Amino acid sequence: MRTPIIAGNWKMNKTVDDACDLVSKLRESLAPYSTVERVVCPPATSLLPVSAILDESPIGLGAQNMHWEEKGAYTGELSPAMVKEFCGYVILGHSERREYFAETDQTVNKKVKAALNIGLTPIFCIGETLEQNEAGKTEEVLTRQIKFGLEGLSEEEAAKIVVAYEPIWAIGTGKAATSEDANNVIGGAVRGNLKKLFGNTVAESIRILYGGSVKPGNAVEYFGMSDIDGALVGGAALKVDDFTAIVKAAAG
Ligand code: PGA
């Protein structure tokens with residue numbers, strides 16, 4: 001049995017005061033759902049104060065990105081050790097990073113390895129554009145992202161990652177993939193490729209999340225699916241009631 005994970009990706013939202021207010025409320029509201037791994041990923045400026053609020057809480061903390069190098073002249077970047085000071089997780093290869101900040105499968109691969117080396121759980125994001133989807137290229141795109149993004153990982157390392165399948169056309173659009181379609185892609189192209197690379201046992205143990213317009217109204221459908229192990233939530237992660245309802249849906 002795979003433990004479900006619900007991770008909130010706050011993106012570029014919330015100042016420190018607002019982040020602390022939201023996470024203080026989530027600390028209470030999410031407390032009953034201990035069968036779900038609960039993670040919040042605020043902006044970097046809030047990692048320190050939020051980590052203090054979450055101290056001794058089972059809610060995990062994640063960053064939204066990091067560099068792969070240990071240190072050096074990389075203006076504006078955070079190193080793996082800086083993230084590890086406060087976090088247990090790091091979102092890597094989000095489609096917005098790939099699209100607006102020129103991240104490639106190769107740079108994402110370096111980040112995944114750096115995260116594993118320092119003991120962070122990478123939330124490795126993959127997904128196809130609308131154009132690729134309509135051209136029937138979803139499987140081809142995911143196969144490439146998985147092959148190169150996870151290149152060089154041992155089976156033991158692969159077992160530690162979390163994968164988030166986020167069709168780009170579903171992110172922030174309100175046009176979520178149906179639970180059947182998401183499950184088919186996750187059980188097929190995503191878990192199938194993980195099996196080819198890391199073997200059945202490891203692939204069956206890896207949590208694979210769906211992301212893209214997950215809301216309280218549709219969450220329960222996804223979590224009833226055989227291959228969907230939770231969600232990476234954007235917009236709905238910014239509201240206490242919505243995020244709590246999604247976590248509750250995952251708790252069953
Ligand atoms: P959304 O974002 O829930 O707002 O669609 C998901 C994500 O980008 O992780």
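The values are calculated or read from the model by the stated rules, or taken from the named source; none is laboratory data. Predicted, not measured: the structure shown is a model, and the values here were computed from it. Here the Cβ positions follow ideal geometry from the backbone for every residue, glycine too, while neighbour counts run over all protein chains shown.
When the stretch 207-228 is filtered for residues that are of a type outside the set (Gly, Ala, Ser), within 15 Å of the ligand (Cβ to nearest atom) and free of Cβ contacts under 8 Å to residues at least 40 places away in the same chain, the ones remaining, listed by number, are Val214, Lys215, Pro216. Those helices (runs of 4 or more DSSP H) of the stretch 168-249 in which 3 or more residues are within 23 Å of Tyr89 (Cα to Cα) occupy 191-198, 200-205, 216-223.
When Lys147 is evaluated against the numbered criteria (1) charged (D, E, K, R); (2) assigned to a helix (DSSP H, G or I); (3) free of Cβ contacts under 8 Å to residues at least 40 places away in the same chain, which criterion, by number, is the only one it fails? All conditions are met except number (3). If only residues of the stretch 109-140 that are surrounded by fewer than 24 Cβ atoms within 10 Å (Cβ to Cβ) and β-branched (Val, Ile, Thr) are counted, the one that is nearest to the chain's Cα centre (by Cα) is Thr121.
One line per residue, one yes/no per condition, for (1) within 16 Å of the ligand (Cβ to nearest atom); (2) more than 20 Å from Gly127 (Cα to Cα):
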residue	(1), (2)
Ala182	yes, no
Gly187	no, no
Ser205	no, yes
Gly230	yes, no
Ala236	yes, no
Ala250	yes, yes
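Taking Gly217 as the residue in question, decide whether it is more than 20 Å from Arg2 (Cβ to Cβ) and in contact with a strand residue (DSSP E or B) (Cβ under 8 Å, 6 or more places away or on another chain). Judged against the criteria, Gly217 is not a match. Among residues of the stretch 83-97 that are within 11 Å of Cys41 (Cβ to Cβ), none has a Cβ under 8 angstrom from a residue that is at pLDDT below 95 and among the acidic types (Asp, Glu) at a sequence gap of 6+ or on a separate chain.
When Ile91 is tested against the conditions (1) within 25 Å of Gly172 (Cα to Cα); (2) in contact with a helix residue (DSSP H, G or I) (Cβ under 7 Å, 6 or more places away or on another chain); (3) not small (Gly, Ala, Ser), the lone failure is (2). Inside the stretch 55-89, residues that are more than 18 Å from the chain's Cα centre (by Cα) and within 17 Å of Ile5 (Cα to Cα) make up a count of 1.
Given the structure, is Arg38 modelled with pLDDT of 95 or more, closer than 18 Å to Gly235 by Cβ and surrounded by 19 or more Cβ atoms within 10 Å (Cβ to Cβ)?
Details: modelled with pLDDT of 95 or more: yes; closer than 18 Å to Gly235 by Cβ: yes; surrounded by 19 or more Cβ atoms within 10 Å (Cβ to Cβ): yes.
Spelling it out, Arg38 is indeed modelled with pLDDT of 95 or more, closer than 18 Å to Gly235 by Cβ and surrounded by 19 or more Cβ atoms within 10 Å (Cβ to Cβ).
In the stretch 169-191, which residues are under 28 Å from Asn13 (Cα atoms) and either charged (D, E, K, R) or buried (at least 16 other Cβ atoms within 10 Å of the Cβ) (or both)? Before you say what the answer is, go through the steps one by one.
At the first step, the residues of the stretch 169-191 found to be under 28 Å from Asn13 (Cα atoms) are 169-179, 182.
Trp169, Ala170, Ile171, Lys175, Ala176, Ala177, Ser179, Ala182, listed by residue number.
Residues that are away from the ligand (no atom under 11 Å from the Cβ) and more than 16 Å from the chain's Cα centre (by Cα) were ranked within the stretch 158-180; the one that is nearest to Leu209 (Cα to Cα) is Ser179.
Scanning the stretch 45-69 for residues that are surrounded by fewer than 16 Cβ atoms within 10 Å (Cβ to Cβ) and closer than 30 Å to Gln106 by Cβ gives Thr45, Glu69.
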